[in-house]
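Step one of this worksheet: look at the structure below.
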Amino acid sequence: MTVTDEALVLDGNAVAGLLAEVFGGAEVTGAVRGCGSCGQRHAVGKHRLYRGAGLVLRCPGCGDVALVVVERGAQRDVRMRGSWALSVPVASA
Ligand SMILES: [Zn+2]
């Protein structure tokens, strides 16, 4: 692995802040995702993060795409694959 690869490939913990923002303050890195391709279950924080045109989290077992976040102006497009189990705080009134 080159230095460049190391800079581009992190783990899901590196985007904990962004994920908390996307999921309404939830601590997502500890959530467990079941992969639709290989069937393995891993904490989101253990997924491999790739940064390019957007953020891509990939399954540490098989490399299948788990989450894609692309920023478009004031919007974020979020795509999730596999089965995610999240605990999200209730918004206070
Ligand atoms: Zn997988």
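The values are calculated or read from the model by the stated rules, or taken from the named source; none is laboratory data. Since we're looking at a predicted model, the values are computed, not measured. A quick note on method: Cβ atoms are made from the backbone with ideal geometry, for glycine too, and the neighbour counts reach across all protein chains shown. Just so you know, the surface numbers come from the protein's heavy atoms only, side chains and all, with ligands and any DNA or RNA stripped out. Shrake-Rupley method; radii C 1.70, N 1.55, O 1.52, S 1.80 Å.
Structure above, values below:
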| read-out | value |
| --- | --- |
| Heavy-atom surface of the chain, accessible at 1.4 Å and reported per residue (Å²) | 61 Å² |
| Sites SER37 and ARG76, calculated FRET efficiency, Cβ-Cβ separation with R0 22 Å, nearest 0.05 | 0.35 |
| Percent carbon-and-sulfur accessible area, the chain, ignoring ligands, DNA and RNA, probe 1.4 Å | 51 percent |
| Difference of contour (0.36 nm per residue) and Cα-Cα distance, TYR50 to SER92 | 11.7 nm |
| Cα gyration tensor category, rounded, prolate or oblate, for the chain with a/c compared to 1.5 | oblate |
